[in-house]
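K.L.:
Please find one structure pasted underneath; my questions will follow.
The values are calculated or read from the model by the stated rules, or taken from the named source; none is laboratory data. No experiment lies behind these values; they were computed from the predicted model shown. Methodologically, a virtual Cβ is constructed for each residue, glycine included, from the backbone with ideal geometry; neighbour enumeration extends over all protein chains shown.
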Amino acid sequence: MPNPERTSSELTEFEIRWNPRSFWWNVLVLFVLFLVYTTTAALASGSYRLLGVAGGILFGVMVPYAGLAGAKQLRRRPMAVALNEFGVTLDRHDPVAWETIREVHLGRVRPHLLFFLHPLNYVAFLPKQASDPHSLTASHRGNT
């Protein structure tokens, strides 16, 4: 619904933000792996104990690093993509004008990975002139 207080000279923008819930689930999985390895180190013997100690050290370093680095990233750059009347701005990239974009695809992809049980959403901005048109195969575009 249009807002009568908004003038046409105001910049309207649509933002796609990083998903912090997905990020924290990844940190939780790393923490669970840390617990599994430390339990293995405490209860197992022989080479399994060595494997548990090595995994515990690895994940013991990764969990705080991933948590702090990810939280800092989400705070500093919460926006992944911004769309406005001038074009599209992707995180850490120069803006792209709408005149250079041929089509926009919205869709869902079912990942083939073990930990991704739900389909993922994607947005694809296809350029008017691709440097290599054969790189845009059906497997890369998805089924929409």
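K.L.:
What number of residues in segment 15-71 are in contact (Cβ under 8 Å) with a residue 60 or more places away in the chain, part of a helix (DSSP H, G or I) and among the aromatic types (Phe, Trp, Tyr)?
P.N.:
First, pick out the residues of segment 15-71 that are in contact (Cβ under 8 Å) with a residue 60 or more places away in the chain: 15-18, 29.
Still in the running and part of a helix (DSSP H, G or I): 29.
Remaining after also requiring among the aromatic types (Phe, Trp, Tyr): none.
Residues meeting the conditions: 0.
K.L.:
Yes or no: segment 17-27 includes at least one residue that is surrounded by 12 or more Cβ atoms within 10 Å (Cβ to Cβ), among the β-branched types (Val, Ile, Thr) and modelled with pLDDT of 90 or more.
P.N.:
no
K.L.:
Here's a follow-up. In this structure, is Ser9 modelled with pLDDT under 85 and either part of a loop (DSSP other than H, G, I, E, B) or farther than 30 Å from Leu126 by Cα (or both)?
P.N.:
Values: modelled with pLDDT under 85: yes; either part of a loop (DSSP other than H, G, I, E, B) or farther than 30 Å from Leu126 by Cα (or both): yes.
Against the criterion (modelled with pLDDT under 85 and either part of a loop (DSSP other than H, G, I, E, B) or farther than 30 Å from Leu126 by Cα (or both)), Ser9 qualifies.
K.L.:
If you don't mind, there's one more thing I want to ask. Of all residues in segment 57-72, count the ones that are closer than 18 Å to Asn19 by Cα and surrounded by 14 or more Cβ atoms within 10 Å (Cβ to Cβ). Lay out the reasoning, then the answer.
P.N.:
As a first pass, look at segment 57-72 and keep what is closer than 18 Å to Asn19 by Cα: 66-72.
Remaining after also requiring surrounded by 14 or more Cβ atoms within 10 Å (Cβ to Cβ): 66-67, 70-71.
Total satisfying the criteria: 4.
K.L.:
Considering each of Ala82, Ala124, Ala44, Ala54 in turn, give the residue that is surrounded by 11 or more Cβ atoms within 10 Å (Cβ to Cβ), at pLDDT 85 or above and under 30 Å from Arg21 (Cα atoms).
P.N.:
On the way: Ala82 fails: at pLDDT 85 or above; Ala124 fails: at pLDDT 85 or above; Ala44 fails: under 30 Å from Arg21 (Cα atoms).
Result of the check over Ala82, Ala124, Ala44, Ala54: Ala54.
K.L.:
Output the residue which, of all residues in segment 111-121 that are in a loop (DSSP other than H, G, I, E, B) and surrounded by 10 or more Cβ atoms within 10 Å (Cβ to Cβ), is modelled with the lowest pLDDT. Spell out how you get there, then give the answer.
P.N.:
Going residue by residue through segment 111-121, those that are in a loop (DSSP other than H, G, I, E, B) are 111-119.
Right, trim to surrounded by 10 or more Cβ atoms within 10 Å (Cβ to Cβ) and you get 111, 116, 119.
Working: Pro111: 73, Phe116: 62, Pro119: 75.
Among them, the one singled out is Phe116.
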